[in-house]
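Readers should treat all values here as calculations from the given coordinates under stated rules, not as data from a laboratory. On a predicted model such as this, the values are computed, not experimentally measured, just so you know. Glycine gets a Cβ as well: all are built from the backbone with ideal geometry, and neighbour counts include every protein chain shown.
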Amino acid sequence: MVKSSLSRFKSFDAYAKTLDDFRVKTSTGAAVTFLSAFIILVLLIGEFLDYRSVRIESSLIVDGGRKEKMSIDFDITFPKIPCYILTLDVMDVAGEHQSDITHSVYKVQLAPDGTEIKRERSQNLGNTGPDPKEVGENYCGDCGGAARPESGCCNTCEDVRQAYVRSGWSFNHPEGIEQCVREGYMEKMKEQANQGCRVHGMLTVNKVTGNFHIAPGRSFQNANMHVHDIQQYLEHGLDFSHHIRRLTFGQHVPNVQNPLDDQHVDGAEGLYMFQYYIKVVGTTHHYMNKPPVRTNQYSVTQFNRNLHYKDEHGRVHQPNGLPGVFFNFDISPMMVVQVEERKSFTSFLTGVCAIVGGIFTVASIIDGAIWRAERTLKRKMELGKAL
Amino acid sequence: MQFKEFDAFPKVESGFVKRTGSGGILTLIISAVLCILVFGEIADYMKLRNEYNFIVDPLINHELQINVDITVAMPCDALTVDLRDIANVQLSLSDKLHKIPTHFTLSSGVSRTDKMRDQPLNVKQLVRAASRNAALAQASKQKGNEDFKACRIFGSFESNKLSSNLHIMAAGHGYFGTPHTDHNVMNMTHKIDEFSFGELYPTIVNPLDDSFEISETAFEAFQYFIVVVPTIYVDRYKNRLMTNQYSVSEYRRAYDEHQGFPGLFFKYDFEPLTVMITEESSMSFGHLLVRLAGLVGGYYVTAGMAHKVLSAIYYWFRPEQAPLRKHNV
């Protein structure tokens, strides 16, 4: 029954089969079969690999984002500068001036051999008041003649220091100040003198042109000017050798390199100003099976300047700049969109069919030609013998 | 089981195959069309297209070479060349660049016929042109007439790869400490023969090359706002050419006497994105082979089936011409 209904479709058979009795099989044919099978296999593997591989297609659009924040993730080691000297400031052109930023930034004191000694979250150093047992309940420290803070007292060495800064004086001789002697300020300084410092952490800033810098001395705002108190470091100079382990402006995505990662700058004795001019390009990465990620990549131009300027007579001039490491960032209007792509399954199937069908047919044509040629030759030879 | 048992291509002794006239014609037509298609495919493979990619420069930049060749219609000793960048670095270039007294003529003596302009981008030609070694043409002093009214400023210098302002001004106007230039001498008419960033490739034409501006008054300032886009050209043999393209917009302004500083101001800035233009064929050689096999095979099979269908229809209408069917298989 099944057979008879099937036989009705017989006339539609596009794959008319030659009866086995009429088929001629030759060893050259078998050789061509193996050869073509091998070629098909190789091409199929290639096609499959091509289908499985993920390509990143990138295109360029104008960045249309608004009110965006940008996170700066950094990890910088200063092997020659103790932590108490360094200050981190973030400034942006939009007027948002965040002095002494403490936003999840850590300072790690490093021994001269690079091992970590003490790790602290960077807060306003020395904010803790003096031990009340040591001084009386009603202790109100003298500010050494400098402008007093709102509380009217300078109870810690740090208070005195800030009072000096407010008055525009330089804080050069802590050994004469009672609070500092009690706190062991000089010992602390001496102890840390050979230490290094690792500053790492995360800042979140507005995505506008701006800069952040790591420079010596406490910074303060004086008549709309950003000033660092560096008087005490000028004489000896500071070695601002640094090692940038990481500087990223957002999450890591494939195909994006951060040029400043693992960047060493050594031998910077004296007063050096290291400027990094960074251009930030917004980047969106569309993963194949994860939500898209917005991040940033950057290009950078480095520029160093020695602030110890000697004129032709050998006189050392006042430095016309602030020693330290400066990262000036600028935002590009363009945005890179990266899309992970894979060939579609249907196009893979089309490719497979083209390979199998194409190679097989071509091989059969070639084989037929060889066979015919062989036969003709044989016949001619037989004819020649007969003659 | 013999080796030949593996033969997957059934061949039928010619005694058992029926050859028809229509089949013969069809084969000829198929071969002709196939030839055309194969040639089309090969031509497609040979054709090159430019692939544009954008990368953010992964290297740390320091300095960049800038090449200039500008003739200003003023005596050399009355001109100063300076550069100032956003890192507040000031560079006096008056001594670093060559200054040669010359005559101001707008017909350039240097033949520029081999320069390419307003042509569709051809990376291969560009890369080849760049490898042609030609230094900035050394101007030979014209002898005889010693009354030179113009100055040719040319040469290359390194500066920080930062947005900067390169300016050519009259001495005494703008910078202190230089002798004041008489207002009668001042004339900012100029001709630019070369203004490029990166290694000097004289045969590559940049937007400012071969341009000139004529100043009408003594106190006139010409400002060129330039945005530089680093570019890498890669031809199909993987030869690389790293250079910089730029776009320029200009602005001129005439001042009353002593109201402003006359001069030529080139303000340039750099794009963080590098354009990578790669010349490549649309497919690989392996891909071409697969396509050819698919084409030949598919076409052969399709045409065969078409022949079958057509003859079936033909015999449907004229059953008397149909070949005798002795038995149904």
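For the residues of B:82-93, the average number of beta carbons from a partner chain within 10 Å of their own beta carbon is 2. In order along the stretch B:289-306, the phi-based Karplus estimate (6.51 cos²θ - 1.76 cosθ + 1.60, θ = phi - 60°) of 3J(HN,Hα) comes to 4, 4, 5, 5, 4, x, 5, 4, x, x, 5, 4, 5, 4, 5, x, 5, 4 Hz; Gly and Pro are listed as x.
Residues B:149, A:188, B:11, ranked from the fewest to the most other C-beta atoms within 10 Å, line up as B:149, A:188, B:11. Restricting the stretch B:1-104 to GluC sites (Glu not before Pro) that sit in a DSSP loop and have at most 16 other Cβ atoms within 10 Å of their own Cβ leaves B:13. Among the listed pairs B:47/B:238; A:10/B:308; A:67/B:161; A:380/B:11; A:279/B:124, those whose Cα-Cα separation exceeds 25 Å are A:67/B:161; A:279/B:124. What's the center-to-center distance, using Cα atoms, between the stretch A:180-208 and the stretch B:187-207 in Å? First find each Cα centre; the distance between them is then 51 Å. The calculated FRET efficiency for the pair residue B:124 and residue A:182, based on their C-beta separation and a Förster distance of 56 Å, comes to about 0.10. Between residue A:209 and residue A:167, the FRET efficiency estimated from the beta carbon spacing at R0 = 45 angstrom works out to 0.85. Enumerate by residue number the trypsin sites (Lys or Arg not before Pro) in the stretch B:223-303 meeting two conditions: DSSP loop (anything except H, G, I, E, B), and at most 14 other Cβ atoms within 10 Å of the site's Cβ. Here the sparse-neighbourhood loop sites are B:236, B:238.
For residue B:178, the amide hydrogen comes within under 5 Å of the amide hydrogens of B:172, counting only partners 5 or more places away or on other chains and with H modelled in the peptide plane.
Let me know the shape class of the stretch B:150-244, please: from the alpha-carbon gyration tensor, a ≥ b ≥ c as square roots of the eigenvalues, rounded when a/c is under 1.5, otherwise prolate if a/b is greater than b/c, or oblate.
Verdict is prolate for the stretch B:150-244.
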